[in-house]
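The structure appears right after this line, and notes come after that.
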Amino acid sequence: NIEPIQTWSVFSINGLSQIEVQFPHLDHANNFYVGLLYMRDPEDTSTGGDLELYSTNVQNVEFKEYRQPLSSHIDIHTVVPYKANTMVWILTGNRAIHGATPRINATKYRRYVIINTRVSTLAHPYE
């Protein structure tokens with residue numbers, strides 16, 4: 001029995017403050033994959049806003065809050081710079097931990113498109 005799949009695209013704009021930072025986290029368990037396309041303004045001179053992809057350093061990652069792993073259980077694996085025309089696809093799962101770095105001296109909005117596919121059953125249970 002094949003479950004129906006819902007797909008939608010969202011154009012998101014982050015605010016100018018550092019408050020918009022996404023700490024290391026897992027996406028919702030119904031997400032199958034997430035695409036992120038950066039559309040940085042050429043006049044944006046801020047630093048930060050990069051995507052950090054993490055690896056785990058323990059067999060069983062523990063989470064302290066809403067899908068946020070304990071910092072002692074993860075290491076930065078790859079940093080994808082926030083620059084125009086950069087596309088990243090993340091196949092979500094219980095080890096697909098990622099986050100964004102704080103933006104410093106932001107005078108322009110952080111611009112990106114998120115493409116998100118969700119399934120009606122859990123794609124990757126956290127347990």
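The values are calculated or read from the model by the stated rules, or taken from the named source; none is laboratory data. Quick caveat: nothing in here was measured; it's all calculated off a predicted structure. Because the Cβ atoms are built from the backbone with ideal geometry, glycine has one as well, and the counts that use them run over all protein chains shown. SASA here: full protein model, heavy atoms, side chains in, ligands and nucleic acids out. Shrake-Rupley method; radii C 1.70, N 1.55, O 1.52, S 1.80 Å.
Observations, loosely collected:
- The set of residues in segment 47-93 that are loosely packed, with under 11 Cβ neighbours inside 10 Å, closer than 25 Å to Asn30 by Cβ and modelled with pLDDT of 90 or more contains only Trp89.
- Matching residues in segment 18-46 - criterion: being open to solvent by 30 Å² or more (accessible area, probe 1.4 Å) and closer than 12 Å to Ala100 by Cα: Gln18, Ile19, Glu20, Gln22, Phe23, Pro24
- The strands (runs of 3 or more DSSP E) falling completely within segment 57-117 that include 3 or more residues that are β-branched (Val, Ile, Thr) and touching a Phe, Trp or Tyr at 6+ places or on another chain (Cβ under 9 Å) map to 74-80, 86-91.
- Count - residues of segment 15-46 that are at pLDDT 65 or above and not in a loop (DSSP other than H, G, I, E, B): 9
- Options Ala100, Ala96, Ala106: the member that is over 17 Å from Phe23 (Cβ atoms) and buried (at least 16 other Cβ atoms within 10 Å of the Cβ): Ala106
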